[in-house]
Amino acid sequence: VRWGALSFVPVSGCGRGPAGGAVRRRRRQPQTERFWRLSTAALLAELIGDVMQTYHEVVEHARPFPSLVDVPFLAFYALTLIAILRFPSESSGIRRRLTLVLDCAVVAIAGAVPIWFVGLGPVLVAGGQSGGAMAVSVAYPLGDMVLLVGLATVLLRAVPTGLRPPLSLFGMGMVGFVLTDLIYSWVAVHGTY
């Protein structure tokens with residue numbers, strides 16, 4: 001029995017409270033409120049996935065893959081990306097936008113190397129999975145890479161000064177999420193989970 005899976009539920013649940021509080025504090029700032037609403041929804045999706053996964057592991061003594069558990073986990077990526085792209089920024093000229101595109105391309109290439117080496121490459125090389133299982137296996141490392149690029153676009157944009165601290169904290173959380181996801185991918189691919 002994998003009782004350690006129970007530890008994920010309170011950790012996932014803890015993030016929802018501060019994000020929900022941020023929504024209430026930003027009611028008069030629609031763009032910021034949308035960011036926090038989407039972030040809260042993403043954290044709720046992650047929490048639902050953790051509860052479902054814990055149920056499978058503790059009650060059923062199984063880890064089905066792919067399964068309905070993957071739906072909320074993958075929804076986390078989509079909701080987080082939409083939230084990131086909705087983060088308020090100041091308008092910028094064409095030159096600034098071109099610089100942003102080039103900087104994001106560098107981040108995408110730099111982020112692709114560890115994600116390919118740790119998560120995506122081993123999944124594709126191992127093979128032996130059904131088409132659905134392969135698609136879900138590939139979706140997680142690709143989701144990590146998309147989140148890194150999305151985060152880079154926001155961090156490189158001109159963000160209002162008062163929003164820098166929460167964005168920095170959010171960015172550190174996303175980097176931590178991607179790193180732990182890569183560690184999990186490495187452990188899962190090598191069968192040492």
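The values are calculated or read from the model by the stated rules, or taken from the named source; none is laboratory data. Because the structure is predicted, anything quoted here is derived from the model rather than measured. Methodologically, a virtual Cβ is constructed for each residue, glycine included, from the backbone with ideal geometry; neighbour enumeration extends over all protein chains shown. To get the accessible areas, we keep the full protein, side chains included, count just its heavy atoms, and leave off ligands, DNA and RNA. Shrake-Rupley method; radii C 1.70, N 1.55, O 1.52, S 1.80 Å.
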| remark: Expected single match for closer than 15 Å to L85 by Cα and surrounded by fewer than 18 Cβ atoms within 10 Å (Cβ to Cβ) among V175, V138, V159, V154 is V159
| Going by the structure shown, is R63 open to solvent by 80 Å² or more (accessible area, probe 1.4 Å), modelled with pLDDT under 70 and not small (G, A, S)? | no
| query | With respect to the numbered conditions (1) modelled with pLDDT under 85; (2) assigned to a helix (DSSP H, G or I), which one is the sole condition not fulfilled by V159? | reply | (2)
